[in-house]
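Bear in mind that the values in this text are calculations on the coordinates, not laboratory data. Remember, predicted model here, so these are calculated numbers, not experimental data. Don't worry about glycine lacking a Cβ; one is built from the backbone with ideal geometry, like all the others, and counts go over all protein chains shown.
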Amino acid sequence: TYKKTMFYISNKILKDEHYAHDAVQMSFLKIIRNLDKIDKINSDKTKGFITIIVKNTSIDIYRKLKRQNEKEILH
C-alpha cells in the first residue's frame, strides 16, 4: 500500500534510487518489528508512522554516506 510513497520520500532525501530502495527495505524490516503499533493499514496514523520510519531511515543512510565521503576526501 505504501511502497511507492516510501520510495518517493526516500529518493527525495537520498537522491539515489539504489540507496532509496535500500532505505525502503530497511524501513519495512523496522515496520515488521513494530507491527503491534499498527491498527488499521489504511489510516492517517499508519501513514504517518510509516513516513516517520522511512524519513529517519533515509536520513541515517544519508548521514552514513556523508561520513564515508568525508573520510575518503581526508585520506
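Pairing residues of region 56-75 that are in contact (Cβ under 8 Å) with a residue 24 or more places away in the chain and within 10 Å of L14 (Cα to Cα) with residues that are β-branched (V, I, T) and surrounded by 13 or more Cβ atoms within 10 Å (Cβ to Cβ), at Cβ distances under 8 Å and at least 6 apart in sequence or on separate chains, gives S58/I9; S58/I13; I59/I13; Y62/I13.
Could you please find all residues in region 18-75 being among the aromatic types (F, W, Y) and within 14 Å of T5 (Cβ to Cβ)? So that I can check it myself, show each step before the final result.
Pass one, region 18-75, residues among the aromatic types (F, W, Y): 19, 28, 49, 62.
Residues satisfying the conditions are F28, F49.
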